[in-house]
Structures are given as C-alpha cells and as structure tokens.
Amino acid sequence: MMQQLVLDMGLPTGPGLANYFPGPNEAALAHLKLWLGRAGDIVRTPVPTYLWGGSACGKTHLLKAVRAALQEQGVAAGWLDASAPVAPEFDESWACVLMDDVHAYSSAQQQVAFNWFVHAQTLQMAVLASGGLPPADLKLRDDLRTRLGGGHVFALQALSETERRAVLRQAADARGIFLSDEVMDFMLTRFSRDLGSLMELLDLMDGYALQTQRAITIPLIKAMMDNA
C-alpha cells in the first residue's frame with residue numbers, strides 16, 4: 001500500500017521560491033523576494049520576519065528556499081529546527097538566521113534561539129522564523145516569543161483542494177500532459193497533499209510516461225511506484 005508521504009526518489013529539485021505556489025500567501029512570498037534582493041542590489045533589512053500557519057502551508061519550504069537562494073548568492077545562513085540535536089556555533093559571517101518550527105523547540109533549543117537572536121540583532125542581521133502558532137500563542141520563553149513577534153508577521157494558509165487542482169492542471173498543461181479527473185483524484189487521495197510533493201510526483205510521472213511511451217493513467221502510476 002502506498003504511504004501518504006512526501007516522495008523522496010532522488011530528485012535533484014528542492015524547495016525554491018520559483019516552485020512555491022503562493023495562492024493566498026502572495027504577500028509573504030513577495031516580502032521574501034524583496035528581502036533577498038538581486039545580485040548587485042542587495043540591502044537586507046535586519047527586521048525579523050515570522051511565518052506561521054498549519055501543516056502544508058509552505059513555512060519550511062519558504063525558509064529552505066531562502067537558504068537555497070542565499071547559497072546561490074554565495075553566502076550562508078544559520079539554520080535551527082526542532083529536529084536538530086546539536087546547533088552550530090553562531091557565525092558572524094551568516095547573512096541571516098533561519099529558525100524553523102519554533103513552536104516545537106525544547107528548552108535547550110529556545111536558549112540557543114534566544115542567543116542567536118541577540119547576536120543577530122547586535123550585528124543588524126535578520127532572523128527569519130516559522131512556527132505553527134501566532135507569536136502571542138507560542139509556548140516559549142517570553143524574551144524569545146516577543147522577539148519573534150517584533151517584526152513582520154505573516155499568517156500562511158494551505159491551498160484549497162480547488163487551488164491545488166488548478167495548479168496541477170496548469171503545470172500538466174505546460175508539460176503537454178493530460179491528467180484525467182480520475183488520475184487527479186488518485187494523486188490527491190493516495191499521496192501527500194502538499195503541493196510541492198504533488199509537483200514532484202507530476203515530474204516523476206512525466207518522466208516515466210516518456211520512458212515507457214505510455215499515457216499517464218492510474219496503472220502507470222502504480223507501475224512506476226512498484227519499480228521505484
């Protein structure tokens with residue numbers, strides 16, 4: 001039985017601002033693009049940014065996309081998330097500090113996050129963070145919670161099923177792929193409903209269909225997964 005998981009099948013693609021489909025979150029995407037700037041025209045504000053919302057709204061995608069964009073610009077960023085057992089030492093050469101899933105930070109991680117925040121503010125370095133709750137509702141130490149809510153705050157929303165279908169249809173049309181309603185239903189019910197994962201699935205289906213010279217059908221998807 002196929003699990004409803006984000007597919008990880010060795011694809012070279014990763015989270016980027018170009019493959020984030022904003023839907024109702026256009027303001028947050030525009031803000032991050034403006035903050036990143038362009039080569040030769042980069043003036044990054046040190047004001048912190050906090051993104052919050054439920055699962056599958058793209059918080060982690062956006063933070064990882066910022067990190068990837070900074071790497072393309074030749075600079076690094078500090079990264080801290082709730083799954084990190086050990087945090088790296090703060091580095092003054094970082095372009096910014098990225099903190100993911102702050103709502104799940106342990107006491108030790110909160111201490112690290114607070115220390116990073118203080119160092120970053122001293123150096124006029126921005127902190128971009130994400131969490132599952134608005135700043136005022138975070139069960140964190142007061143000095144960290146108030147700092148997270150002290151700048152730009154964006155509430156993110158997951159795309160509706162209608163919006164996900166429209167994006168998938170548009171992406172399929174751009175590739176010259178026909179997705180029947182039956183195939184679309186199968187994709188949305190048997191796999192992760194996260195749009196990024198669905199787009200990776202679409203890429204895989206496209207490649208497999210070309211390789212096998214078959215149309216994209218449910219049997220083709222099942223065969224593809226069996227051969228993965």
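The values are calculated or read from the model by the stated rules, or taken from the named source; none is laboratory data. All figures in this text were calculated on a predicted structure; none of them were measured in a lab. When we count neighbours, we look across all protein chains shown, and the Cβ atoms used for this are built from the backbone with ideal geometry, even at glycine.
Inclusion of residue 71 among residues that are over 23 Å from residue 150 (Cβ atoms), without any contact (Cβ under 8 Å) to a residue 40 or more places away in the chain and either in a helix (DSSP H, G or I) or outside the structural domain of residue 33 (by TED's automatic domain parsing) (or both) is warranted. Taking the stretch 168-183 as the range and being surrounded by fewer than 17 Cβ atoms within 10 Å (Cβ to Cβ) and of a type in the set (A, V, I, L, M) as the test, only 174 passes.
Yes/no per residue for (1) at pLDDT below 95; (2) outside any loop (DSSP other than H, G, I, E, B); (3) closer than 22 Å to residue 60 by Cβ; (4) touching an Asp or Glu at 6+ places or on another chain (Cβ under 7 Å):
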| site | (1), (2), (3), (4) |
| --- | --- |
| 110 | no, yes, yes, no |
| 129 | no, yes, yes, no |
| 139 | no, no, yes, no |
| 159 | yes, no, yes, no |
| 167 | yes, yes, yes, no |
| 173 | yes, yes, no, no |
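Kindly evaluate residue 160 against the criterion of being hydroxyl-bearing (Ser, Thr, Tyr) and surrounded by 14 or more Cβ atoms within 10 Å (Cβ to Cβ). Taking the combined requirement at face value, the residue does not satisfy it. Just one residue in the set 24, 88, 46 is at pLDDT below 95 and either not in a loop (DSSP other than H, G, I, E, B) or not assigned by TED's automatic domain parsing to the domain that holds residue 146 (or both); that residue is 24. Candidates 34, 5: the one that is surrounded by fewer than 13 Cβ atoms within 10 Å (Cβ to Cβ), under 20 Å from residue 155 (Cβ atoms) and at pLDDT below 95 is 34. Checking the structure you have, find out if any residue of the stretch 115-127 is over 19 Å from residue 55 (Cβ atoms), under 18 Å from the mean Cα position of the chain (by Cα) and at pLDDT 95 or above. Scanning the stretch 115-127, I find at least one residue that is over 19 Å from residue 55 (Cβ atoms), under 18 Å from the mean Cα position of the chain (by Cα) and at pLDDT 95 or above, so the answer is yes.
Just one residue in the set 127, 102, 86 is within 30 Å of residue 192 (Cβ to Cβ) and exposed (fewer than 12 other Cβ atoms within 10 Å of the Cβ); that residue is 86.
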